[in-house]
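*Asks:* I have a structure I would like to understand better, so I am pasting it below and will then ask my questions one at a time.
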Amino acid sequence: MDSPDKNQIMFIQIVAMFQTAALQQMGKLKNPMSEKIEKDLQQAQLSIDILDMFKEKTKGNLSPDEERFLSNILQDLKLNYVDELAKDAQRPKIDDPAAQPPASTTTQEAAQ
């Protein structure tokens, strides 16, 4: 395998590695080690930011196909990330008093 082909394959593998990590961190894919859906949006944002940095640092050095591949992956990840943020914003927080069910009345309060 000549160097350009090898470099293109490694480029795709690096991008796919961070894409998979971001999707796992957004809870879109199971963690292969734990076989559980795990969500860490801060880590997902970091994975997306790394791909953004990678795109910026490789600007002008990518083939049109590589540039399109990276741009499409980033667009998809960012849309999924915004979707997950919106879902989290709609989900009541555990420590939010408004999200807690009303306290039951005691027998004495009910008698009054």
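The values are calculated or read from the model by the stated rules, or taken from the named source; none is laboratory data. As the structure is a computational prediction, the values presented were derived from the model and not from experiment. Glycine gets a Cβ as well: all are built from the backbone with ideal geometry, and neighbour counts include every protein chain shown.
*Asks:* Could you tell me whether segment 2-9 includes any residue that is surrounded by fewer than 18 Cβ atoms within 10 Å (Cβ to Cβ), in contact with an Asp or Glu (Cβ under 8 Å, 6 or more places away or on another chain) and in a helix (DSSP H, G or I)?
*Replies:* Looking for residues that are surrounded by fewer than 18 Cβ atoms within 10 Å (Cβ to Cβ), in contact with an Asp or Glu (Cβ under 8 Å, 6 or more places away or on another chain) and in a helix (DSSP H, G or I), one finds at least one in segment 2-9, hence yes.
*Asks:* Next up: What's the number of the condition GLN42 fails, among (1) surrounded by 14 or more Cβ atoms within 10 Å (Cβ to Cβ); (2) farther than 15 Å from PHE11 by Cβ; (3) modelled with pLDDT of 95 or more?
*Replies:* Condition not satisfied by GLN42: (1).
*Asks:* List pairs: first residue in segment 53-69 and closer than 15 Å to ILE14 by Cβ and surrounded by 11 or more Cβ atoms within 10 Å (Cβ to Cβ), second residue at pLDDT 95 or above and aromatic (Phe, Trp, Tyr) anywhere in the structure, Cβ distance under 7 angstrom, at least six positions apart or on different chains.
*Replies:* GLU66/PHE11
*Asks:* Mind telling me which of the residues ALA103, ALA86, ALA111 ends up being under 15 Å from the mean Cα position of the chain (by Cα) and at pLDDT below 95?
*Replies:* Testing whether each residue is under 15 Å from the mean Cα position of the chain (by Cα) and at pLDDT below 95 leaves just ALA86.
*Asks:* Identify all residues within segment 32-52 that are in contact with a strand residue (DSSP E or B) (Cβ under 6 Å, 6 or more places away or on another chain) and either acidic (Asp, Glu) or in contact (Cβ under 8 Å) with a residue 12 or more places away in the chain (or both); write none if there are none.
*Replies:* Answer for segment 32-52, where residues must be in contact with a strand residue (DSSP E or B) (Cβ under 6 Å, 6 or more places away or on another chain) and either acidic (Asp, Glu) or in contact (Cβ under 8 Å) with a residue 12 or more places away in the chain (or both): GLU38, LYS39, ALA44.
*Asks:* If you don't mind, another one. In segment 37-67, how many residues are of a type outside the set (Gly, Ala, Ser), in contact with a Leu (Cβ under 9 Å, 6 or more places away or on another chain) and assigned to a helix (DSSP H, G or I)?
*Replies:* Qualifying residue count, segment 37-67: 6.
*Asks:* Name every residue in segment 17-31 that is without any contact (Cβ under 8 Å) to a residue 24 or more places away in the chain and surrounded by fewer than 18 Cβ atoms within 10 Å (Cβ to Cβ), in order of residue number.
*Replies:* Scanning segment 17-31 gives MET17, THR20, LEU29, LYS30, ASN31.
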